[in-house]
1. Do the conditions hold for B:L111, that is, is it at pLDDT 95 or above, surrounded by fewer than 22 Cβ atoms within 10 Å (Cβ to Cβ) and within 19 Å of B:L267 (Cα to Cα)?
2. Specify which of the listed residues (B:Y104, B:Y83, B:Y131) is at pLDDT 95 or above, under 35 Å from the mean Cα position of the chain (by Cα) and surrounded by 13 or more Cβ atoms within 10 Å (Cβ to Cβ).
3. Collect the residues in segment A:133-191 that are more than 12 Å from the chain's Cα centre (by Cα), outside any strand (DSSP E or B) and within 12 Å of ligand 1 (Cβ to nearest atom), keeping them in residue-number order.
4. Scan (1) among the hydrophobic types (A, V, I, L, M, F, W, C); (2) free of Cβ contacts under 8 Å to residues at least 60 places away in the same chain; (3) touching a Pro at 6+ places or on another chain (Cβ under 8 Å) for the single condition B:L535 breaks and write down its number.
5. Test of understanding: among B:G417, B:G436, B:G412, which residue is at pLDDT 95 or above, within 14 Å of B:E615 (Cβ to Cβ) and away from every other protein chain (no Cβ under 14 Å)?
6. Pick out the one residue from A:R133, A:R119 that is of a type outside the set (F, W, Y), within 14 Å of chain B (Cβ to nearest Cβ) and touching a residue at least 24 places away in the same chain (Cβ under 8 Å).
7. Taking segment B:663-677 as the search range and keeping residues that are assigned to a loop (DSSP other than H, G, I, E, B) and buried (at least 21 other Cβ atoms within 10 Å of the Cβ), which one is farthest from the other protein chains (Cβ to nearest Cβ)?
8. If you go through segment B:703-739, how many residues are more than 24 Å from the chain's Cα centre (by Cα) and not in a helix (DSSP H, G or I)?
Amino acid sequence: MNNFDYGAAAELKDAFIQVNENAANAFLAGGTNLIDLLKYNLVKAEKLVDINPLPDYHGIEETSDGKVRLGALLTNADTAYHPLIETNYPLLSRAILAGASAQIRNMATNGGNLLQRTRCYYFYDANVPCNKRNPGSGCSAIPGYNRTMAILGTSEYCIAVFPSDMCVALAALDATVDVSSAEGNRSIAFADFHRLPGNTPHLDNNLQHGELITGITLPKKGFEKNYSYLKLRDRNSYAFALVSVATALDLDGDRIKEARIALGGVAHRPWRVKEAEDLLQNQTATRENFAAAADLILKGAKGFEHNSFKIELAKRAIIRNCMMALHPESQMPGAQPSA
Amino acid sequence: MKNPPATGQSISRIEGPLKVTGAAKYSGEYNVPGLLYGYVVNSTITKGKIIKIYTEEIKALPGVIDVFSHENRPSTAWFDMKYADMDAPPGSPFRPLHDAEIRYNGQPIALIVAETFELARYAASIISVDYEKEIFDTDLRSHFGDGREPETGMASLLKPPPPEPTGYFETAYAAAKYKASGEFYHGTEHHNPMELFTTTTLYEGKGKLSIYDKTQGTVNCQLYVANVFGLRFKDVKVISPFVGGAFGSGLRPQYQLFLSVMAALELKRHVRVTLDRSQMFTFGHRPPTLQRTRFAADADGMVTALNHTAFAETSRFEDYTEVVVNWSPKLYPAAHTLLDYKLVPLDVFSPMDMRAPGGSTGMHAIESTLDELAYQLKMDPLDLRLKNYTMIDITVNLPYSSKELKECYLKGAEKFGWANRAPEPRSMKRGHKLVGYGMATGIWDAMQAPARAEAAMTRDGKLHVKSAVTDIGTGTFTVMTQIAADELGLPVADVIFSYGDSKLPFAPIQGGSMTTSTVGTAIRAAGKALRKKLLRVAKRMKDSPLGKAELEEVIFQNGYIILKDNPQAAVSFADIINDGHHGLPLKTTNTGVPNMAKLNKYSRAAHSAVFVEVEVDEELGVINVTRALTAVAAGKIINPKTSRSQILGSMVWGISKALREETILDNQLGKYMNQNLGEYHIPVHADIHDLDVMFIEENDEHINELGIKGLGEIGLVGVAPAITNAIFHATGKRLNQLPVHFDMLL
Ligand SMILES: Cc1cc2nc3c(=O)[nH]c(=O)nc-3n(C[C@H](O)[C@H](O)[C@H](O)COP(=O)(O)OP(=O)(O)OC[C@H]3O[C@@H](n4cnc5c(N)ncnc54)[C@H](O)[C@@H]3O)c2cc1C
Ligand code: SF4
């Protein structure tokens, strides 16, 4: 870790001034990812601009048009256990609680969650080639131990996975990300927020330096009746997803009015396939139909030496999770498979 | 009023409150004014040479005191032997900063000493090093063909090579009707105790050192430091009262000890060196091992032929060995046996003992193959083991000193409900889950080494007992206090046990499940000697009511010596010291040695039977160990509570070994990739369900006076095979690579 400055920002304007002083200045929220990156010498910050003192963005509010706005500085834990979220957006609550550990969720913020870096082993080791960390140096994961890596949307430059659970639910719910900067405000649709690696794997998302996430807006529709989050991983808690699935269904009897299916642990961003969701529209909620959707979602998936299992696993996980969404009470703690 | 014996009681750890309140001080918590901090620079290449280390700009940083590397390190002992510790395998021990050669990835190549830890760490992150790289090999699986016989040495005493072949294995196997075989692979594992490896060396002037070290052997480290740095033995004190787990990683002096001492001597300052979590992956580990088995049985289920071969990784500089293949004929006396153990030297650090070394590796292969044989025979796996039950260890042709394994099988099976197991694989279901029952046997040698202990009675009637032994979290402190209390018939509260300091009477390294028998026997010897001394002094006292009583004619109880025939005739320990010994403590130091003449007539082992229930999600493969029961026969149980904790911990480890932990080795880079506890998966609470422990009474009159066998490893050996056997029962799939990844079941 290099020596860096620390500046607390109590006002939005001040936060922008401080962060714009140097391209290597960074916002500090919960610090659960950023501080690790500093310790591993993967990020060298000149100054950490602590945004926790900002007066706004710590709460959850309902907007006049029935949407719900999650403050960027609210912790993951306070979000997941908020009555409004538990009642109206239980999918989001479930997904958050499937992530990390209680201690980390108590520190981690909603804004920081969107910006956490990949968990690729090679990214975390400053002494080996990695295009994301050091563009042009090569990708060690492609010929290496790639069990945890992506099967969809990969490029010859990077096969890393975006590791968030929360964001899988946010993708399914069609959230938008609210952003402010010295230049003004903008909103980014969730689908446009995270990027695929392509030949620019060093860019995880489309946020610019100096832009602050102020909140995340959830549309009115929360799919609170039929939803499920399933997370498959190498231990029952405190491990990142090998494959996770968020399913949200709007049902009329056993007819599907609308389906949302997002995958985590398989790509450089939460993975949704519109054709698959369209396929389910107006169909009955059966295993067979979910299986057909699963095939479509995994179309084009490409495995590497150690992770080809994810293709079949993801298909099965989609089917199972859609079935679980028909009976949300069948969900287990830790987003384990139903009993 | 007679107080019940302290041994056999469930007494909570005496030091427990210190630990949970944070008052217990660990080696990295001894703070003194002027302390300097060292941070280690590790090699980023796997093999080759250091061409240049750019130390000048580092030394120029304000607050950096010095940078040590092979270029400027002080000279240390020249001979390999001087670096050998009590657990050193045959070969040439690793010497930190010895020369420019890089032997493995992560090798310590420099020590930066600075005024703060943070500065030293920062300096380590910016130091540049030029290397000349060489081609390396770290992959066991592609090199097992290079396997060769291990060198033998002192280590072979505790780790005997495989017994000679008996009968005609190939012929017997070819002719047999019922056979089972398998190929098994276990990857690298790292110990990962919670406490990081830290040494705080206090420079006490003129080559005198007080060293707070994380270790499983204070005397071992004292010897090592004195030998390597040419210091007088008595000038080196190694202190380690609390150890936050070690699991074998503290059996050998680690490089932070060397570096901390080196810097302290050179700078004549107090120096602390702490290894961070990722640096804990830069010394010993459990070696990856490839095994092959072929077992045969006759139609009645008698095992007739056993072939077990292992290829294990070692470093290029030491022949680290384990007992992997010797176990099967000890349990299942076949006429035809062929056992072989080979080493494959690779470009890694030397492997190192890790809880149940060898046993947990070998027994997985053995018990899985036996399970498979049971299916071939259409026999219940438990019945197959009972059928082949033996009270004789055929590998040495001696009876077991005691063996209540049969009771472990029977009582364990009953409590677990083994009878409810439907024999066919995939025949038990619960909702979406396939349910499987599996069982396995565990065995571990019961060993003992010589040790010394001091016992002293003071004027307040308290017993002070001393031994250099450590307490690595196992409850040694408490258990030794209990043993000592019974020697003098005192309540535990009147015993003060001092330990974890090399200046105290000699104890060997704490490992191999032999601490309780080893140090316990020494304490017993000292206790007996102290009883004699107390009586002698008591009898000399004016008007002593004890008259001419011999030791057999008195009892020691509640702080008194009492005549057996006349309980009114009693003298208190306090009076003996105050009136008979001028108030001066009465002291004795004695040696406890294994009685080899007696022991050599027996084979000695602790045993266990493990029963496991798993649930496997039929669609997704996700595995949960829903229930596990271990029945243990390990001689006398001194403290059921701490003993149960030992077994529970082992069972959690067994679940970990079967389903969770693995060090990921990238063979193209020649390095470990998951060097942190986020990615090195040890079980979390959500992985652990119903665990049960049963101790089966076992009276062993031969093993040692206390009848103790030790519990450190026995709880682990049988768990992983019981789990994989249960997975087979649930799914019909035999998975021989550990850890099992659930996707192998898709
Ligand atoms: C061991 C471990 C296990 C974990 N397991 C999981 C898991 O299973 N699932 C999961 O989803 N997550 C997991 N996490 C990740 C965790 O969710 C993230 O670390 C956390 O959400 C990050 O939030 P933070 O507030 O701590 O961000 P910080 O670390 O403070 O910041 C992260 C990044 O975001 C930037 N930033 C933060 N807030 C803002 C803002 N408002 N506007 C602009 N930039 C901002 C920072 O500058 C930094 O670059 C795990 C983390 C750890 C350490
Ligand atoms: S997958 Fe991406 S993050 Fe991982 S090594 Fe390759 S380039 Fe780096």
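The values are calculated or read from the model by the stated rules, or taken from the named source; none is laboratory data. None of these values were measured; they are calculated from a predicted model. In this analysis, Cβ positions are derived from the backbone assuming ideal geometry, glycine residues included, and neighbour counts consider all displayed protein chains. What goes into the accessible areas is simple: the full protein's heavy atoms, side chains included, and nothing from ligands, DNA or RNA. Shrake-Rupley method; radii C 1.70, N 1.55, O 1.52, S 1.80 Å.
1. No: the conditions fail for B:L111.
2. Numbers: B:Y83 fails: at pLDDT 95 or above; B:Y131 fails: under 35 Å from the mean Cα position of the chain (by Cα).
Of B:Y104, B:Y83, B:Y131, the one residue that is at pLDDT 95 or above, under 35 Å from the mean Cα position of the chain (by Cα) and surrounded by 13 or more Cβ atoms within 10 Å (Cβ to Cβ) is B:Y104.
3. Passing the criteria: only A:T148.
4. With (1) among the hydrophobic types (A, V, I, L, M, F, W, C); (2) free of Cβ contacts under 8 Å to residues at least 60 places away in the same chain; (3) touching a Pro at 6+ places or on another chain (Cβ under 8 Å) applied to B:L535, the lone miss is (3).
5. Numbers: B:G417 fails: within 14 Å of B:E615 (Cβ to Cβ); B:G412 fails: within 14 Å of B:E615 (Cβ to Cβ).
Selected residue: B:G436, the only one of B:G417, B:G436, B:G412 that is at pLDDT 95 or above, within 14 Å of B:E615 (Cβ to Cβ) and away from every other protein chain (no Cβ under 14 Å).
6. Values: A:R133 fails: within 14 Å of chain B (Cβ to nearest Cβ).
Of A:R133, A:R119, the one residue that is of a type outside the set (F, W, Y), within 14 Å of chain B (Cβ to nearest Cβ) and touching a residue at least 24 places away in the same chain (Cβ under 8 Å) is A:R119.
7. Start the filter on segment B:663-677 by keeping residues that are assigned to a loop (DSSP other than H, G, I, E, B), which leaves B:663-664, B:667-670, B:673-677.
Then drop every residue that is not buried (at least 21 other Cβ atoms within 10 Å of the Cβ), which leaves B:669-670, B:673-675.
Values: B:L669: 6, B:G670: 11, B:M673: 4, B:N674: 6, B:Q675: 8 Å.
Of everything passing the filter in segment B:663-677, B:G670 is farthest from the other protein chains (Cβ to nearest Cβ).
8. Quick first cut of segment B:703-739, residues more than 24 Å from the chain's Cα centre (by Cα) only: B:725-736.
Of the ones still in play, those that are also not in a helix (DSSP H, G or I) are B:732-736.
Result for segment B:703-739: 5.
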